[in-house]
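J.: Quick one: the structure is below, questions incoming.
A short reminder: the numbers here are calculations on the coordinates, not readings from a lab. Not measured: the values here are computed from a predicted model. Heads up, the Cβs are rebuilt from the backbone with ideal geometry, glycines too, and the neighbour counts pull from every protein chain shown.
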Amino acid sequence: MLSPAELERYARHIIMQDIGGAGQQKLKQARVLVVGAGGLGAPVLQYLAAAGVGTLGIVDDDTVSLSNLQRQVIHGTDQLSEPKVASAAEAIARLNPNVHVEPHPTRIAGHNAMALVSNYDLVVDGSDNFDTRYLLSDACFFAKKPLVTAAVGQFDGSITTLRPFENREDGTPNPTYRCLFPQKPKAGLLPTCAEAGVLGALTGIIGTMQAMEVIKEIVGFGDRLTGRLILFDAKSFRMEIIRYKHSAKNPLSGDEPRSWPQMLELQ
């Protein structure tokens, strides 16, 4: 049940027809895992905490550095060298003490991905590298957990939602991350944020879009981004939609789909 203080805190949600008291209760009961407390993870965590998501798991093995603060707005100057999971937890406690934070000061990898993912209702990918994106998407596939994944460049970003454990209305499976991106880019092919830079406000826009999609998934309103990739160009402030479908050629499909241990060998 929502306490009197929570009823007041979430009043602007509760009066909305698409959320209401029932939807706010769903948010309170939800368990969401956010991988990465950086540029994308910062606004995701802030808005999910403000929205009243009951439990937020945070996976990050890094510490706060001065160069982070241009975009990772959940951290502060007085928290330099502090573990990001601890810094983020402190910010969430100040924002909404009703939210329970489960810090995981580790890097998600083959040995812990399934255990971490399986313990939550929904996963948000705020990572900054393809190795983690492929690993996390595969883990969510086998754990049957929805995944809201996004990425940013210097002035552009993308976001989609993956639910490949379910079928579309026509009976065909929903696409996986490997249907959208069949081949992982070779190491060093694309520059990192540290090498190319990134516009700080851009991560706020895309991360907030991720938070919006998570809330939609939990409460159950609006149109999902399953099978739709949103591309955002900050320079022109334009958005485009690319629709994508399930591919029988990816290693998770076909007559003999790969198992989780076999997928780890492809990472």
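J.: Give me the residue from region 7-58 that is of a type in the set (D, E, K, R) and free of Cβ contacts under 8 Å to residues at least 24 places away in the same chain and, out of that set, nearest to Asp156 (Cα to Cα). Even if it seems obvious, please write down each step before you answer.
T.: Step one: list which residues in region 7-58 are of a type in the set (D, E, K, R), which gives 8-9, 12, 18, 26, 28, 31.
Next, only the ones that are free of Cβ contacts under 8 Å to residues at least 24 places away in the same chain stay: 8, 12.
On the way: Glu8: 37, Arg12: 31 Å.
Across region 7-58, the extreme among qualifying residues is Arg12.
J.: Then there is this: Taking into account only those residues within region 59-81 that are over 17 Å from the mean Cα position of the chain (by Cα) and closer than 22 Å to Thr132 by Cβ, which is surrounded by the fewest Cβ atoms within 10 Å (Cβ to Cβ)? First the steps, then the outcome.
T.: Initial filter on region 59-81 (over 17 Å from the mean Cα position of the chain (by Cα)): 62-70, 75-81.
When the remaining residues are screened for being closer than 22 Å to Thr132 by Cβ, the result is 62-65, 67-68, 70, 75.
Details: Asp62: 15, Thr63: 17, Val64: 24, Ser65: 12, Ser67: 10, Asn68: 21, Gln70: 14, His75: 24.
Among those residues, the one meeting the criterion is Ser67.
J.: What residue, of Gly23, Gly36, is on the phi > 0 side of the Ramachandran plot and either among the small types (Gly, Ala, Ser) or crowded, with 19+ Cβ neighbours inside 10 Å (or both)?
T.: On the way: Gly23 fails: on the phi > 0 side of the Ramachandran plot.
Only one candidate passes the filter, namely Gly36.
J.: Just to be sure before I move on: is Gly222 of a type in the set (Gly, Ala, Ser), touching a helix residue (DSSP H, G or I) at 6+ places or on another chain (Cβ under 7 Å) and more than 28 Å from Gln70 (Cβ to Cβ) in the structure I sent?
T.: On the way: of a type in the set (Gly, Ala, Ser): yes; touching a helix residue (DSSP H, G or I) at 6+ places or on another chain (Cβ under 7 Å): yes; more than 28 Å from Gln70 (Cβ to Cβ): yes.
When the stated conditions are applied, Gly222 passes them.
J.: Select, from Asp62, Asp138, Asp128, Asp156, the only residue that is out of contact with any Leu (no Cβ under 6 Å at 6 or more places or on another chain) and more than 20 Å from Lys184 (Cβ to Cβ).
T.: Step by step, each of Asp62, Asp138, Asp128, Asp156 is checked, and only Asp62 is out of contact with any Leu (no Cβ under 6 Å at 6 or more places or on another chain) and more than 20 Å from Lys184 (Cβ to Cβ).
J.: Still on this structure: Against the condition of a type outside the set (Val, Ile, Thr) and touching a residue at least 60 places away in the same chain (Cβ under 8 Å), how does Lys186 come out, does it pass? Working first, answer last.
T.: Details: of a type outside the set (Val, Ile, Thr): yes; touching a residue at least 60 places away in the same chain (Cβ under 8 Å): no.
Answer is no for this residue.
J.: Starting from residues that are crowded, with 22+ Cβ neighbours inside 10 Å and not small (Gly, Ala, Ser), keep the ones in region 39-51 and report whichever is farthest from Phe130 (Cα to Cα).
T.: Narrowing region 39-51 to residues crowded, with 22+ Cβ neighbours inside 10 Å: 39-45, 48-49, 51.
Pick out the ones that are also not small (Gly, Ala, Ser) and you get 40, 43-45, 48.
Details: Leu40: 15, Pro43: 21, Val44: 19, Leu45: 21, Leu48: 24 Å.
The selected residue is Leu48.
J.: Quick one: which residue in Glu195, Glu240, Glu217 is among the acidic types (Asp, Glu) and either touching a residue at least 40 places away in the same chain (Cβ under 8 Å) or under 20 Å from Lys144 (Cβ atoms) (or both)?
T.: Working: Glu195 fails: either touching a residue at least 40 places away in the same chain (Cβ under 8 Å) or under 20 Å from Lys144 (Cβ atoms) (or both); Glu240 fails: either touching a residue at least 40 places away in the same chain (Cβ under 8 Å) or under 20 Å from Lys144 (Cβ atoms) (or both).
None of the other options fit; the residue is Glu217.
J.: Looking only at region 59-71, how many residues end up being free of Cβ contacts under 8 Å to residues at least 60 places away in the same chain, in a loop (DSSP other than H, G, I, E, B) and either closer than 22 Å to Val123 by Cα or not hydrophobic (A, V, I, L, M, F, W, C) (or both)?
T.: 4
J.: For region 142-174, which residues satisfy the criterion of being over 30 Å from Ala201 (Cβ atoms) and out of contact with any helix residue (DSSP H, G or I) (no Cβ under 8 Å at 6 or more places or on another chain)?
T.: Within region 142-174, Lys144, Glu166, Asn167, Arg168, Glu169, Asp170, Gly171, Thr172, Pro173, Asn174 qualify.
J.: Then there's this: Give Ile230, Ile218, Ile205 a once-over and let me know the one that is surrounded by 12 or more Cβ atoms within 10 Å (Cβ to Cβ), assigned to a strand (DSSP E or B) and of a type in the set (Val, Ile, Thr).
T.: Values: Ile218 fails: assigned to a strand (DSSP E or B); Ile205 fails: assigned to a strand (DSSP E or B).
Checking each option against the conditions leaves just Ile230.
J.: All but one of (1) touching a His at 6+ places or on another chain (Cβ under 7 Å); (2) free of Cβ contacts under 8 Å to residues at least 40 places away in the same chain hold for Pro175; which doesn't?
T.: Condition (2) is where Pro175 drops out.
J.: What number of residues within region 123-145 are surrounded by fewer than 22 Cβ atoms within 10 Å (Cβ to Cβ), touching a Cys at 6+ places or on another chain (Cβ under 9 Å) and not charged (D, E, K, R)?
T.: 0
J.: Taking the stated definitions as given, is Glu213 touching a strand residue (DSSP E or B) at 6+ places or on another chain (Cβ under 6 Å) and crowded, with 19+ Cβ neighbours inside 10 Å? Reasoning before the result, please.
T.: On the way: touching a strand residue (DSSP E or B) at 6+ places or on another chain (Cβ under 6 Å): yes; crowded, with 19+ Cβ neighbours inside 10 Å: yes.
Yes.
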